[in-house]
């Protein structure tokens, strides 16, 4: 099973910051077990959505700054805090800001908010894995086009 926890990218400044949204539907598979009759989005999936947007931003930042293609792989979470629950019907706004990027990896500061309420905040460290796979590159291009033009 593949999780895409990002519906649309709403802000995109390579090397600087990005924002994206995820609408949380009651039909999400994870609500069947988390928790029956009291559906709550698992915190790890909120982090995954933040990591997906953050990784894309770092990959594009690497390409712009060093003309290299790599896959960003999450390696460390720092100062992660969960402040409130996310339920069906909520819309999350992911915000991510590049703190640093080099040829080995990068660091991001990220938040997930519901309206004006911060739900989760964290700093993420990513390493770059260099992979030469034209099919993977094409899939990423298609997804970026979809996310950037959604709506």
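Listing for the model above:
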quantity: Efficiency of FRET between residue 79 and residue 135 - r from beta-carbon atoms, R0 41 angstrom, step 0.05; calculated: 0.65
quantity: C-alpha center-to-center spacing [the stretch 107-146, the stretch 78-104] in angstrom; calculated: 10
quantity: Contact order normalised by residue count of the stretch 62-145, Cα under 8 Å, 6+ apart, percent; calculated: 34
quantity: Stretch gain in nm, segment residue 37-residue 4, where the contour uses 0.36 nm per residue and the Cα spacing is subtracted; calculated: 9.5 nm
quantity: Cα-derived Rg over Rh, computed across the chain with Rh taken as Kirkwood radius; calculated: 0.97
quantity: Overall form of the stretch 77-151 per C-alpha gyration tensor (a/c, 1.5; a/b vs b/c); calculated: oblate
quantity: The stretch 8-142: relative contact order as a whole-number percent, Cα under 8 Å and 6+ apart; calculated: 27
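Taken together, the values in this text are just the output of simple stated rules run on the coordinates, not laboratory data. The structure displayed is predicted, hence computed values, not measured ones. Using ideal geometry, Cβ is built from the backbone for each residue, glycine included, and neighbour counts are taken over all protein chains shown.
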